[in-house]
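Below you'll find the structure, written out as structure tokens, and then a few comments.
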Amino acid sequence: MLSKKNKEALFNPLSKDNPVLVQILGICSTLAVTVKLEPAIVMGISVIAVLAFSNVIISLIRNTIPSTIRIIVQLVVVAALVIIVQQFLVAFNYEVSKQLSVFIGLIITNCILMGRLEAFALTNKPWPSFLDGIGNGLGYTIILVVVAFFRELLGSGTVLGFKVIPQWCYDHGYEDNGLMILPPMALITVACIVWFHRARNTELQETN
Amino acid sequence: MEELNLFVKSIFIDNMIFAYFLGMCSFIAVSKNVSTAFGLGLAVTFMLVVTMPINFLLDRYVLQPGALTWISEDLKDVDLSFLGLIMFIAVIASGTQLVEMAVEKFSPSLYASLGIFLPLIAVNCAILGGALFMQQKDFPSAMTATVYGLGSGIGWLLAIVGIAAIREKIAYSNIPAPLRGVGITFIITGLMGIAFMSFLGIKLG
């Protein structure tokens, strides 16, 4: 079940081959949903679900897809799964689905999906593809959660909606940094994570 | 006049990259030199202009609740809006195929330099995002939707050419090793985003 290769498929994307930090996939949605922690977690879970199951489906039919129309086939599979997730969210967590607005729909065009489908699911058996999907989804979610944590903490002084910065700090003149809530700071937060990550993993550094 | 406002607004204030982060993947990956960036920007703009009115008409006459009444009164309870994503992505994917063939025919050098990113326009978030925003904003006519598409496309083109120009310049700078490449590009994009936010205060019309 978990041979060495499968373990790699599952655990490599968490850090060494992280989809956001190293493969630079799925930036588009990473940044827009990270103002607060809760939507970020919901987004992460949605991506894990869509990624794992689309990987399995594409992997199951990989030998029957003609390569000329594979992009359209992949998009249709992904779009169908995303619609399921979207309807599910609207039914069970309407508030968050409002906050995420178009970004759930944009999971379809999340490059992680196309990237993993092309690079892994098309050439591997269903079980490793499933693990690869879970692994990459988790790697994506970790980044989302870290970015959202810092943005919510510094931007609104809360974590998951609870006040964590005590009142006496505000009494002594501490202010929430309004800039952190604005979209551009998401990019700079990710850049800081990239910086930290590559300082630890020197083999990932680029020459220019 | 309203169209002109929308046009300016979609270029600067609602800029696809700096306000919504749509199309970031190709934005980061294809911005190493200005000419390739310009080519991709044109392709994206073209795709937005072409797909926006088609998607608008689809939305208006097929997908919205009660949109099918033009066929027969009996269909007024039909709500196909849950099919929106699939319809939009199908239009975009087939459009991309067309653009790819056209570029390959007329500009082989651009085709070679865009490489994998040409088919990836199909999954460029900016284009599907444009369609979804169009649905959300509820434009009055296909003309307005096209203007919105053109504006968003030009905004995206402007952003990617800008970042490519900056990256060409900083290629010779002494950047801390872990930040080279991706890291510094993120930071510059963030700073450009902050600069673009100064447009936020502008009220048009």
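Against the longest principal axis of chain B, how steep is helix B:34-58, in degrees 0 to 90 to the nearest 10, with axes from Cα atoms?
10 degrees
Could you provide, to the nearest whole Å², the per residue accessible area of segment B:73-205 with probe 1.4 Å?
Numbers: 6100 Å² over 133 residues.
I get 46 Å² per residue for this part.
As I understand it, the dipole of chain B uses +1 on the Cβ of Lys and Arg and -1 on the Cβ of Asp and Glu, about the Cα centre. Which of B:L68, B:T144, B:L118 lies farthest toward its positive end?
About the Cα centre, the residue reaching furthest to the positive side is B:L118.
Counting Lys and Arg as +1 and Asp and Glu as -1, each charge on the Cβ, what is the dipole of segment A:91-208 about the Cα centre in debye, to the nearest 20? Before the final figure, lay out each step's value.
Details: 7 positive and 9 negative charges, 55 e Å.
Computed charge dipole of segment A:91-208: roughly 260 debye.
Which shape class, rounded, prolate or oblate, goes with segment B:91-205 when its Cα gyration tensor gives a ≥ b ≥ c as root eigenvalues, a/c under 1.5 marks rounded, and past that a/b bigger than b/c marks prolate?
Working: a/c = 2.40, a/b = 1.18, b/c = 2.04.
In terms of gyration-tensor shape, oblate.
How big is the shadow of the Cα convex hull of chain B, averaged over all directions, in nm²?
Details: hull surface 53.6 nm².
Taking the Cα atoms of chain B, their convex hull projects to 13.4 nm² on average.
Taking just the C-alpha trace of the protein assembly as shown, give me its Rg and Dmax in Å.
Just the Cα atoms of the protein assembly as shown yield Rg and Dmax of 21.3, 69 Å.
Roughly how many nanometres apart are two label points built 7 Å out from the Cα toward the Cβ at B:M1 and A:S3?
A separation of 7.1 nm, rounded to one decimal place.
Would you be so kind as to identify all helices of chain A, as entire DSSP H runs, whose Cα atoms reach 30 Å or more along the helix's own axis and whose mean Kyte-Doolittle hydropathy is at least -1.0? Write down the numbers at each step before the final one.
Numbers: long enough: A:37-60 (35 Å, 2.06); A:70-92 (33 Å, 2.38); A:126-156 (43 Å, 0.99).
Span-like helices, by this rule, are A:37-60, A:70-92, A:126-156.
Counting only residues 5 or more places away or on other chains, whose amide H sits under 5 Å from the amide H of A:V159 once H atoms are built in the peptide plane?
Those qualifying (amide H under 5 Å, at least 5 residues apart or on another chain) are A:V164.
Over chain A, average the accessible area per residue using a 1.4 Å probe and give it in Å², no decimals.
On the way: 9470 Å² over 208 residues.
Solvent-accessible surface per residue comes out at 46 Å².
Tell me what chain B gives for mean residue ellipticity at 222 nm when only DSSP H runs of n ≥ 4 count, each as -39,500 (n - 2.57), the sum divided by the residue total, rounded to 500 deg cm²/dmol. Don't skip to the answer; put the middle values down first.
Values: 8 runs with 125 residues, N = 205.
So the calculated ellipticity at 222 nm is -20000 deg cm²/dmol.
Enter the buried accessible area of the A/B pair, total of both sides, probe 1.4 Å, in Å² rounded to the nearest 100.
In total, chains A and B hide about 3700 Å² from solvent.
Using just the helices of chain A, give the 222 nm mean residue ellipticity in deg cm²/dmol: DSSP H runs with n ≥ 4 each add -39,500 (n - 2.57), and the total is spread over all residues, rounded to 500.
Numbers: 10 runs with 135 residues, N = 208.
Estimated from H runs of four or more residues: -21000 deg cm²/dmol.
Quick one: angle between helix B:84-106 and the longest Cα principal axis of chain B, in degrees between 0 and 90, rounded to 10, please.
50 degrees
Straight distance only, please: which lysines reach the Cα of A:K4 with their own Cα at less than 17 Å, same-chain residues fewer than 8 apart left out?
A:K16, A:K125
Hey, got the average number of other protein chain Cβ atoms within 10 angstrom for residues in A:31-38? Could you put the intermediate results ahead of the total?
Values: counts 8, 7, 1, 0, 0, 0, 0, 0.
Across A:31-38, the average partner-chain Cβ count within 10 Å equals 2.
Which entries of A:K5/B:K32; A:K7/B:K32; A:K98/A:K163; A:K98/B:K76; A:K36/B:K137; A:K36/B:K9 show an alpha-carbon separation above 31 angstrom in the structure shown?
A:K5/B:K32; A:K7/B:K32
Under a point-charge model restricted to the Cβ atoms of Lys and Arg (+1) and Asp and Glu (-1), what is the dipole moment magnitude of chain A relative to its Cα centre, in debye to the nearest 20?
On the way: 14 positive and 12 negative charges, 143 e Å.
Roughly 680 debye, rounded to the nearest 20.
Take the Cα atoms of segment A:25-200, find their three principal axes, and give me the spread along each one in whole Å, biggest first.
Here the spans come out as 67, 42, 24 Å, largest first.
Treat each spin label as a single point 7 Å out from the Cα along the C-beta direction, and report the B:E104 to A:S15 distance in nm.
About 4.3 nm separates the two model spin labels.
Nearest 20 debye, what's the magnitude of the dipole of chain B about its Cα centre given +1 on Lys and Arg Cβ and -1 on Asp and Glu Cβ?
Values: 10 positive and 12 negative charges, 184 e Å.
Charge dipole of chain B: 880 debye, to the nearest 20.
Can you list the residues of segment A:103-126 that have at least 10 square angstrom less accessible area with all protein chains present than in their chain by itself, probe 1.4 Å?
Hits at the 10 Å² cut-off: A:F103, A:G105, A:L106, A:I108, A:T109, A:C111, A:M114.
In the Gaussian network model of chain B, springs joining C-alpha atoms below 10 Å, which of B:P140, B:P65, B:P178 carries the largest mean-square fluctuation?
Result: B:P178 has the largest fluctuation of those listed.
Helix B:182-196 against the longest principal axis of chain B: what's the angle in degrees, Cα atoms only, rounded to the nearest 10?
The angle comes out near 60 degrees.
What is the mean number of Cβ atoms from other protein chains located within 10 Å of the Cβ atom of each residue in peptide A:192-204, rounded to a whole number? Walk me through the numbers before you get to the answer.
Values: counts 4, 2, 9, 9, 2, 2, 8, 5, 1, 1, 2, 0, 3.
If you average over the peptide's residues, the count of other-chain Cβ atoms is 4.
Please name which of B:F46, B:Q135, A:S67 has its Cα lying farthest along the dipole of the protein assembly as shown towards the positive end, using unit charges on Cβ (Lys, Arg +1; Asp, Glu -1) and the Cα centre as origin.
With unit charges placed on the Cβ atoms, the residue in question is A:S67.
How many Cβ atoms of partner chains, on average, are near each residue of B:188-196 if near means within 10 Å of its Cβ? Could the numbers behind the result be given before it?
Values: counts 3, 7, 11, 3, 2, 8, 7, 1, 2.
Mean partner-chain Cβ count within 10 Å for B:188-196: 5.
Please report, as a whole percent, how much of the solvent-accessible surface of the protein assembly as shown comes from carbon and sulfur atoms (probe radius 1.4 Å).
On the way: 12620 of 18440 Å².
Summing carbon and sulfur atoms, their accessible area is 68 percent of the total for the protein assembly as shown.
The values are calculated or read from the model by the stated rules, or taken from the named source; none is laboratory data. Keep in mind the model is a prediction, meaning the values are calculated, not measured. Virtual Cβ from ideal backbone geometry, glycine too; neighbours counted across all protein chains shown. Accessible surface is based on the protein model in full, side chains and every heavy atom, while ligands, DNA and RNA are left aside. Shrake-Rupley method; radii C 1.70, N 1.55, O 1.52, S 1.80 Å.
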